[in-house]
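Scroll down for the structure; my scribbles are underneath it.
Here, each number is a calculation from the coordinates, and none is a lab measurement. This is a predicted model, so every value here is computed, not measured. Glycine also receives a Cβ, built like all others from the backbone with ideal geometry; neighbour counts cover every protein chain displayed.
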Amino acid sequence: MPWVAPGRREMREPLMPESTGTKPSVLFVCVHNAGRSQMAAAWLTHLAGDRVEVRSAGSDPGTRVNPAAVAAMAEAGIDISAEAPKILTVDAVKESDVCVTMGCGDTCPVFPGKRYLDWKLDDPAGQGVEAVRRIRDEIKALVEDLIAEIAPVPARPRGARATACDGAAS
């Protein structure tokens with residue numbers, strides 16, 4: 001089975017999901033699944049809500065989520081303190097429509113009909129909250145772009161009134 005090589009920018013396949021019905025699914029992959037991939041999964045869950053199925057994993061999971069990542073996300077109002085690093089499995093890739101590596105040199109098995117992205121991001125490991133804030137904000141912008149492509153907010157019918165529940169959370 002082929003794997004996406006580190007440094008491969010993007011392999012584009014169909015954008016909308018084929019395997020999971022109408023809800024797209026995204027897998028964020030980072031070696032330790034302790035920083036970048038956890039923040040990306042949290043942002044996607046927070047911003048897209050139930051419009052997207054979200055997973056994260058790593059080939060060599062750490063023992064806990066990076067405390068600086070937990071603190072940086074808490075500042076944005078998102079609690080990832082209960083998350084735990086998870087092992088990357090072939091099934092997780094098979095069940096996902098989009099697989100995003102986080103610029104960490106990790107690889108994913110390649111299956112037809114999947115979209116593969118590699119986001120080049122600094123590693124938050126060993127960095128303080130101040131440095132991780134920048135990474136957190138970069139990830140948020142990338143996630144917002146991904147949502148716009150795979151799960152845009154449905155248009156309201158003409159004449160419908162906007163509510164606090166409309167659109168993505170900020």
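Quick rundown of the values:
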item	result
Sequence-distant lysines (8 or more away, or on other chains) whose Cα lies within less than 20 Å of Lys94	Lys23, Lys86, Lys114
By average C-beta atoms within 10 angstrom, highest first, the peptides 27-34, 120-127, 52-59	27-34, 52-59, 120-127
Neighbourhood charge, 10 Å Cβ-Cβ cut-off, centred on Glu53 and excluding it, Lys, Arg +1 and Asp, Glu -1	0
Extension gain, Asp137 back to Asp122 (0.36 nm per residue minus Cα-Cα distance, nm)	4.2 nm
Estimated FRET transfer efficiency (Glu149, Glu95; beta-carbon r; R0 22 Å; 0.05)	0.70
